[in-house]
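The values are calculated or read from the model by the stated rules, or taken from the named source; none is laboratory data. This is a predicted model, so every value here is computed, not measured. All Cβ positions, even for glycine, are placed from backbone atoms using ideal geometry, and neighbour counts span all protein chains on display. Note: areas computed on protein heavy atoms with side chains; ligands, DNA, RNA excluded. Shrake-Rupley method; radii C 1.70, N 1.55, O 1.52, S 1.80 Å.
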Amino acid sequence: MKRIVVLVSGNGSNLQAILDACQQGRINGSVAAVFSNKADAFGLERAREAGVPAHALAASQFADREAFDRQLMLEIDAYAPDLVVLAGYMRILSPAFVQRYAGRMLNIHPSLLPKYPGLHTHRQAIENGDDEHGTSVHFVTEELDGGPVILQAKVPVFREDTEADVTARVQHQEHAIYPLVVSWFIEGRLAMREESAWLDGQPLPAEGHAFE
């Protein structure tokens, strides 16, 4: 069975969606371990409740980002993962870390990339008067939120929406599309080649696979 390691920094709702999909057989693999840079991340509690090893590393224990990532790579590699999944992991990754898992590391970002990389995406969508927003699953490269997009899901933005409204709407879609993309990778249908995402032997367009 293919092995997945998940990195979280907070609540871990996307981790929960992946754990549930594994348990239900929608992902033909298992979460081997969960790591966090925050000891109090609720995602670690979700892992423990699922019987999955849960680990926390504090940045304060390391001299710099590279030293932190070296230790994290050592601990991840002990689980021999086929796939590394970032699920609300809020640290910038060192080039060495990205290169180590190139082509087998996924991230989900709450915007329709390349629009709104970085933080506060829902707030930007509201402030800019967007009538459409969404979320993107992509391969991780050294460019922040810039790797090849695999799948996007769109949501409407209404004039009276608060940030919490948009967040809830986007997260509902995230919990549907992230396990789906993980399952594609685990089944061998998804790969990164020539700086593009490929599904079933075909290169995907810049916006990824159409998801209706």
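Could you grab me the full set of residues in segment 126-146 that are touching a residue at least 40 places away in the same chain (Cβ under 8 Å), part of a loop (DSSP other than H, G, I, E, B) and either under 16 Å from G208 (Cβ atoms) or open to solvent by less than 10 Å² (accessible area, probe 1.4 Å) (or both)? Walk me through it before giving the result.
Pass one, segment 126-146, residues touching a residue at least 40 places away in the same chain (Cβ under 8 Å): 126, 135-142, 144.
Imposing the further condition that a residue be part of a loop (DSSP other than H, G, I, E, B) reduces the set to 140-142, 144.
If the condition is that a residue be touching a residue at least 40 places away in the same chain (Cβ under 8 Å), part of a loop (DSSP other than H, G, I, E, B) and either under 16 Å from G208 (Cβ atoms) or open to solvent by less than 10 Å² (accessible area, probe 1.4 Å) (or both), then V140, T141 are the ones that fit.
Go through segment 189-212 and count every residue that is open to solvent by less than 60 Å² (accessible area, probe 1.4 Å), assigned to a loop (DSSP other than H, G, I, E, B) and without any contact (Cβ under 8 Å) to a residue 60 or more places away in the chain. Spell out the reasoning first.
Residues of segment 189-212 that are open to solvent by less than 60 Å² (accessible area, probe 1.4 Å), as a first pass: 190-192, 196-199, 201, 204, 208.
Checking the rest, the ones that are also assigned to a loop (DSSP other than H, G, I, E, B) come to 201, 204, 208.
When the remaining residues are screened for being without any contact (Cβ under 8 Å) to a residue 60 or more places away in the chain, the result is 201, 204.
The number of residues fulfilling the criteria is 2.
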V149 being within 23 Å of K2 (Cα to Cα), without any contact (Cβ under 8 Å) to a residue 60 or more places away in the chain, buried (at least 18 other Cβ atoms within 10 Å of the Cβ) and out of contact with any helix residue (DSSP H, G or I) (no Cβ under 6 Å at 6 or more places or on another chain): yes
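Being free of Cβ contacts under 8 Å to residues at least 60 places away in the same chain and out of contact with any Phe, Trp or Tyr (no Cβ under 6 Å at 6 or more places or on another chain) narrows it down to one of R91, R70, so name that one. Explain how you work it out, then say what you get.
Details: R91 fails: free of Cβ contacts under 8 Å to residues at least 60 places away in the same chain.
Criteria check complete, one pass: R70.
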Unique residue being under 15 Å from the mean Cα position of the chain (by Cα), of a type in the set (A, V, I, L, M, F, W, C) and open to solvent by less than 20 Å² (accessible area, probe 1.4 Å) when the list is V157, V182: V182
Odd one out for A96 among (1) over 11 Å from A32 (Cα atoms); (2) open to solvent by 60 Å² or more (accessible area, probe 1.4 Å): (2)
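Taking segment 112-125 only, how many residues are surrounded by fewer than 18 Cβ atoms within 10 Å (Cβ to Cβ) and either of a type outside the set (K, R) or over 20 Å from A206 (Cβ atoms) (or both)? Reasoning before the result, please.
As a first pass, look at segment 112-125 and keep what is surrounded by fewer than 18 Cβ atoms within 10 Å (Cβ to Cβ): 114-115, 117-120, 123-124.
Next, from what is left, pick out any that are either of a type outside the set (K, R) or over 20 Å from A206 (Cβ atoms) (or both): 114, 117-120, 123-124.
Result for segment 112-125: 7.
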I76, sole failed condition from (1) in contact with a strand residue (DSSP E or B) (Cβ under 7 Å, 6 or more places away or on another chain); (2) open to solvent by 10 Å² or more (accessible area, probe 1.4 Å); (3) closer than 16 Å to I4 by Cβ: (2)
